[in-house]
Amino acid sequence: MKVLITGATGLIGTQITKLLLEQGIHVNYLTTREEKIKHEHNHKGFLWSPKKGEIDVACFENVGSVINLVGASISERWTKSYKKIILESRTETANLLYTTLQRIDHNVRHFISASGISIYPNDETHLYTEESTEVDKGFLGEVVVAWEAAADQFATLGIDVAKVRTGVVFAKKEGAFPELLKPVRLGVPAPLGSGKQWISWIHIDDIAAVYVYVLNKSLVGVYNAVAPTAVNNKKLTRLLANTLNVPMFLPNVPGFMLKLVLGEMAVLVLEGQLVSSQKLEKHGFIFRYYNAENAVKNLLKK
């Protein structure tokens with residue numbers, strides 16, 4: 001088996017690549033940077049430029065599945081120009097893959113696309129499943145709808161499509177977890193806003209394993225990639241503080257202050273969704289990190 005990955009050098013892509021290579025699955029990957037190119041017998045890089053509509057079609061040779069992870073970070077300040085980058089980095093890249101597959105002979109039968117649980121509206125009590133039809137009316141909801149529409153078009157080519165709605169990824173050195181940890185390490189842990197907003201999270205090892213599972217089991221459709229037990233902001237802050245033996249005595253950080261500092265992207269810390277992982281579990285996926293306590297313990301061990 002050979003798989004093509006976009007976004008392969010990012011946080012999740014790096015871990016997926018490692019798992020695939022360990023399983024003897026050959027990996028091709030696309031990059032915009034020539035210095036990232038490798039030419040190993042089981043791991044090869046190819047250049048593309050989604051902005052220019054250019055791609056090395058040799059990347060598709062003997063490829064049966066595509067894992068599409070590419071997308072600009074949502075953790076940069078949301079200026080008008082950067083919001084455009086966030087959206088187009090997800091849609092233009094998928095569109096280039098689609099139009100390329102339209103015009104070449106290929107063996108691709110499975111397209112697995114990253115997506116996000118931010119498609120679901122902010123809610124403190126409602127449990128969202130893959131069957132939920134509610135869509136967040138903000139910018140992130142707009143992004144995910146367009147992202148998934150770009151993935152769905154591959155079905156018109158006779159390719160099976162899976163969409164992995166990823167939660168907040170907990171990893172030791174990158175992503176949200178180090179940012180959540182910063183105030184605790186500085187000795188000033190405090191819940192943000194109401195502290196009641198849900199964080200539907202997933203450990204980096206589990207999210208990579210989810211993608212590989214979807215690939216190996218040829219799963220189709222939408223899957224929520226979140227740990228079975230979500231945690232709210234206040235509980236997670238207390239868990240981090242207790243784990244590092246830091247007293248938690250400060251009041252909640254008011255939401256209006258965070259909005260002044262972060263602008264529109266304050267929704268990333270002030271809003272959240274309670275999301276179900278039962279569909280993946282019913283398909284036989286077993287989470288290694290089931291609750292936040294185990295995940296935090298693993299990520300903070302020396």
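Note on Phe60: accessible area approximately 10 square angstrom, rounded to 10, probe 1.4 Å, nucleic acids and ligands left out.
Note on the stretch 8-71: lysine pairs with Cα distance below 21 Å, sequence gap of 8 or more or different chains, count 6. Packing, taken as the mean count of other beta carbons within 10 Å per residue, orders the peptides 125-137, 26-38, 168-180 from highest to lowest as 168-180, 26-38, 125-137. Seen against the Cα atoms of the chain and their longest principal axis, helix 176-185 is set at about 30 degrees. For Lys2, a cut-off of 19 angstrom between C-alpha atoms picks up these aspartates and glutamates, skipping any fewer than 8 places away in its own chain: Glu22, Glu40, Asp56, Glu61, Asp105, Asp160. Relative contact order of the chain, taken over Cα pairs closer than 8 Å and 6 or more residues apart, is 18 percent. Each Cα pair under 8 Å and six or more residues apart adds its separation to the average, and for the stretch 1-131 the resulting relative contact order is 24 percent.
Across the stretch 167-302, C-alpha contacts under 8 Å between residues 6 or more apart give a mean separation that, scaled by the residue count, equals a relative contact order of 36 percent. Estimated from helices alone, the mean residue ellipticity of the chain at 222 nm is -11000 deg cm²/dmol (sum of -39500 (n - 2.57) over DSSP H runs with n ≥ 4, per residue). Using a probe radius of 1.4 angstrom, the carbon and sulfur fraction of the accessible surface of the chain is 53%. Accessible area per residue was computed with a 1.4 Å probe on protein heavy atoms; His283 scores about 90 Å². Here each label is just a point 7 Å from Cα along the line to Cβ, and for Gln278 and Val145 those points are 2.7 nm apart.
Label-to-label distance for Arg288 and Leu244 is 2.4 nm, based on points extended 7 Å past Cα in the beta-carbon direction.
Model label sites at His41 and Thr9, defined 7 Å from Cα along the beta-carbon direction, differ in position by 2.5 nm.
Given R₀ = 51 Å, what would the calculated FRET efficiency be for Glu174 paired with Arg103, taking r from the Cβ atoms and rounding to 0.05? Could the numbers behind the result be given before it?
On the way: r = 36 Å, r/R0 = 0.71.
Result of the calculation: an efficiency of 0.90.
If R0 equals 41 Å, the separation of the Cβ atoms of Glu61 and Ser194 corresponds to a calculated FRET efficiency of about 0.20.
The order of Met257, Met265, Met1, Met248 by accessible area, most exposed first and with a 1.4 Å probe, is Met1, Met257, Met248, Met265. Please report, to two decimal places, log10 I(q)/I(0) for the stretch 110-233 at q = 0.21, 0.22 Å⁻¹ as given by the Debye formula with identical point scatterers on the Cα atoms and no solvent. So the normalised log intensities are -1.31, -1.38.
Per residue, the chain exposes 49 Å² of accessible surface when a 1.4 Å probe is rolled over the protein heavy atoms with every protein chain present. Seen from all directions on average, the chain presents a Cα convex hull projection of 15.8 nm².
Go through Lys196/Lys297; Lys83/Lys182; Lys83/Lys282 and tell me which ones have a Cα-Cα distance over 28 Å in this structure. Table pairs above 28 Å Cα-Cα are Lys83/Lys282.
The values are calculated or read from the model by the stated rules, or taken from the named source; none is laboratory data. No experiment lies behind these values; they were computed from the predicted model shown. In this analysis, Cβ positions are derived from the backbone assuming ideal geometry, glycine residues included, and neighbour counts consider all displayed protein chains. To get the accessible areas, we keep the full protein, side chains included, count just its heavy atoms, and leave off ligands, DNA and RNA. Shrake-Rupley method; radii C 1.70, N 1.55, O 1.52, S 1.80 Å.
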